[in-house]
1. In what sequence do MET1, MET226, MET294 fall when counting other Cβ within 10 Å, fewest first?
2. Sorting HIS170, HIS195, HIS91 on the 10 Å Cβ count, fewest up front, what's the list?
3. Per DSSP H run of n ≥ 4, the term is -39500 (n - 2.57); total these for the chain, divide by its residue number, and report the mean residue ellipticity at 222 nm rounded to 500 deg cm²/dmol.
4. Just to be sure I understand: with springs between alpha-carbon atoms less than 10 Å apart, which residue in LEU158, LEU308, LEU78 has the highest mean-square fluctuation in the Gaussian network model of the chain?
5. Please report the relative contact order for the chain, taking Cα pairs under 8 Å with a sequence separation of at least 6, and give it as a percent rounded to a whole number.
6. Which number gives the lysine pairs in the chain that have C-alpha atoms under 30 Å apart and are eight or more places apart or on different chains?
7. Using alpha carbons only, how many degrees (0 to 90, rounded to 10) separate the axis of helix 67-76 from the longest principal axis of the chain?
8. How far, in degrees from 0 to 90, does helix 123-139 lean away from the longest principal axis of the Cα atoms of the chain, to the nearest 10?
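Every read-out reported here was derived from the displayed coordinates using simple, explicitly stated rules and does not represent laboratory data. These numbers were taken from a predicted model, which means no experiment stands behind them. No Cβ is skipped: glycine too gets one built from the backbone with ideal geometry, and neighbour counts run over all protein chains shown.
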Amino acid sequence: MPRVLIDAAAVPADRGALIRYVDGLVGALHRKGADLIVVCQRTDVARYTRLAPAARIIPGPPSLANRSTRLAWEQSSLPVLAQQAGAEVIHGPYYSMPLRSGLPTVVTVHDVTWFTDPARHDPDKATFVRAATRHAARHANRIIVPSKATRDELVRVLAADPTRIDVAYHGVDQAVFHPPSEQEVRRAANRCGLHGRPYVAFLGALEPRKNVPNLIRGFAKAVEGMPDPPALVLGGGVHQDDVDAACKETEAVVKVVRPGYLSNGEIAGFLGGAQVVAFPSVGEGFGLPVLEAMACGAPVLTTHRASLPEVGGDAVAYTEPDAPSIAVALRQLLDSPERRRQLSEAGLARAREFTWDASAQAHLGSYQRAVE
């Protein structure tokens, strides 16, 4: 196997699903005996040392927490460091790569909604990701994508060469995402101030493409007329004006709880304890929150958009992303404990098909093809 340098310093401050991708991949590559070099921010050295004890962990300069500084370092210093460390392949896990590295380079492109739906992204971040993706599509030896849907969109939007694109599905960390115990469910519910009240859960960034305002409005319609309706709990994310507005619209009708970020020790109880986990996103490169909710035994409601059916298959319920459709689909699930039980069992079985070891094997194949 070639010696691979993974640029984990590229992980942005708002880590979310990306850190779970890099952590899951690094740990699985280590278990497979890969010859790894991991370059990371200084605050992450202990974590990567724990995940991959046999790897060479190289801390970058303290200034890498700043994105502009990190991008300059990626272009000037990372190629030199890779050559000095004897790397044979550089893997950029977050869209970007050195312009001139002198080594075969593999880049992960997570999704293409930066091009197809730019209004739903932060403009500055979208400008960076689009430029980095265009460059990777032209110059990387291999591109890794997390789904066939993302591969097809990359080919359609940027005319990328499909013979240089490798699909590597994400996995799920069963130590974090698992059917919870009653104690875990109770602890998570108490953390959210629910104290035994049933709830519908969302977990993720409160960014426009996650479609949270329509979820709030659809939820309010779905529980209309219920004598003892569940709460809606929005876990994680940065608060946004349109989410605030939707909450204000419905505050007289429903209870919306916003507990902020949840720790790894709380997530299984939070997801697995929900009556339904709703993730009505309008576009995902993979849809890791759907997979993670299934792994916790939660009945999941999502949309048919982009890669989400690739992940959910027949093990989740689907809705259109508009509020009236969400209301109908959600009410059907809330009114049918048997349907929720069926989805819970099917989701658990399907989640077992997505492992980080399988993802690592696909990555190793991509690294080898880059060298060849």
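1. Details: MET1 15, MET226 12, MET294 30.
Taking fewest neighbouring Cβ atoms as first place, the list is MET226, MET1, MET294.
2. Details: HIS170 24, HIS195 8, HIS91 30.
Ranked by crowding around the Cβ, least crowded first: HIS195, HIS170, HIS91.
3. Numbers: 16 runs with 168 residues, N = 372.
Rounded to the nearest 500, it is -13500 deg cm²/dmol.
4. Result for the chain, Cα springs under 10 Å: LEU158 fluctuates most.
5. 18 percent
6. Value for the chain: 10.
7. 30 degrees
8. 50 degrees
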